[in-house]
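This report refers to the structure that appears directly beneath it.
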Amino acid sequence: MGKRAEVLAGRVEAGAELLAQFAEGLSDAEWNARVRDGRTVGVIVHHVASMYPIEIEVARSIAGGKAVEGVTWEDVAGINSKHAVEHAKVGKEEALALLRKNSREAAAAVREFTDAELDTAAGFSLSFDAPMTTQFVVEDHALRHAWHHLARIQQALGR
């Protein structure tokens, strides 16, 4: 394991843990509160947890020099919408367990990347097919995701 991969993995874990700790302290009303996009806080926590495997597979594709093609932001919105319907009643315990499990697995996968793999770039359709490095994909997706949604949840709850 390289130092860069370890640092990135630690940041993935830190973001997930911040989100988990914040969510643990929420009341039932806060857990079921809606944020700006209409999803509940609970659905968003479960969403972050559910996306780690996909985000890691995308990073692995880039690390292998394989472009990620044909995925649009409309596709992402569709996935998010479907997820919100399917998990509308998600409980806190279930969502937090999945968040911790999937973030640990994502961090373990990030730790496996070599420096050369982190530096590998391939076309990434969510970035207009620009060649993105594996490190960028990890940072912009698996790492940033928990922090991004934590900030939006805090804003929605006035915290």
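Of note:
- Cβ-Cβ under 7 Å pairs, at least 6 apart or on other chains, the stretch 18-40 side at pLDDT 95 or above, far side among the charged types (D, E, K, R): 20/100; 23/92; 31/92; 40/34
- Checklist (1) farther than 15 Å from residue 7 by Cα; (2) outside any loop (DSSP other than H, G, I, E, B) applied to residue 90, failing item: (2)
- Flag: residue 82 does not match the condition of being without any contact (Cβ under 8 Å) to a residue 24 or more places away in the chain, of a type in the set (Lys, Arg), out of contact with any Asp or Glu (no Cβ under 7 Å at 6 or more places or on another chain) and part of a loop (DSSP other than H, G, I, E, B).
- Taken over the stretch 128-152, the criterion of being of a type in the set (A, V, I, L, M), buried (at least 21 other Cβ atoms within 10 Å of the Cβ) and under 24 Å from residue 100 (Cβ atoms) is satisfied by 137, 138, 142, 143, 146, 150.
- The set of residues in the stretch 114-159 being under 17 Å from the mean Cα position of the chain (by Cα) and among the charged types (D, E, K, R) consists of 139, 140, 144, 152.
The values are calculated or read from the model by the stated rules, or taken from the named source; none is laboratory data. Everything quoted here is computed from the prediction, not taken from an experiment. Heads up, the Cβs are rebuilt from the backbone with ideal geometry, glycines too, and the neighbour counts pull from every protein chain shown.
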